[in-house]
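Chemist: First, the structure itself, so that you have it in front of you.
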């Protein structure tokens, strides 16, 4: 596939169709994975190029994965798919990218995308207070692969990000 700056429609649709990703990372104790709810958002690069797709999630910096992501080398791998699919219809996303903890205006913008995707976090005071204490993170993919067996066994669409944003 020739790299393009815009995310292919079928990959964007697959990311929008799911809500949970399995985030794989490594720390001093070795590799680990965790599940987090995410929202698909776009970030506009300062150079005015096409918006960069990002995945926004919420977790405490005090968790094992939060500490690993703060360690300085926040490279991760992830998958997103619905559970219980038949192999003939299996569809999901695989990806790699970098994570960072958001602050200030970036955090607020990301929180708006997250709470729009999961409106119940704003409606429950106890949950809202917990979310206020948690970190809001951005995962910026630099490679994505859609696997869609519904289009034929092993059908894949890939998107590498061809620039640094």
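Chemist: Using 0.36 nm per residue of separation minus the Cα-Cα distance, give me the extension gain between residue 129 and residue 90 in nm, one decimal.
Modeler: Between residue 129 and residue 90, full extension yields 10.3 nm more.
Chemist: Just to confirm the number: angle between the C-alpha axis of helix 104-117 and the first principal axis of the chain, 0 to 90 degrees, nearest 10?
Modeler: 60
Chemist: Pairs of alpha-carbon atoms within less than 8 angstrom and 6+ residues apart define the contacts here; what relative contact order does the chain have, in percent?
Modeler: Relative contact order here is 28 percent.
Chemist: Determine the relative contact order of segment 90-165: mean sequence separation of Cα pairs under 8 Å and six or more apart, normalised by residue count, in whole percent.
Modeler: 44
Chemist: Next question. Mind sorting out which of (1) 10.7; (2) 9.2; (3) 11.7 is the real mean projected area of the Cα convex hull in nm² computed from the coordinates?
Modeler: Step by step, mean projected area of the Cα convex hull in nm² for this structure corresponds to label (1).
Chemist: Describe numerically, in nm with one decimal, the distance between label points set 7 Å from Cα along Cα→Cβ at residue 24 and at residue 117.
Modeler: Using points 7 Å along Cα→Cβ, the separation is 2.0 nm.
Chemist: Would you mind ranking 155, 65, 18 so that the residue whose beta carbon has the fewest other beta carbons within 10 Å leads the list?
Modeler: 155, 18, 65
Chemist: Of all beta bridges DSSP finds with both residues in the chain, what is the antiparallel percent, to the nearest 5?
Modeler: In the chain, approximately 100 percent of DSSP beta bridges are antiparallel ones.
A short reminder: the numbers here are calculations on the coordinates, not readings from a lab. Remember, predicted model here, so these are calculated numbers, not experimental data. Cβ sites come from the backbone with ideal geometry, for glycine too, and all protein chains shown count toward neighbours.
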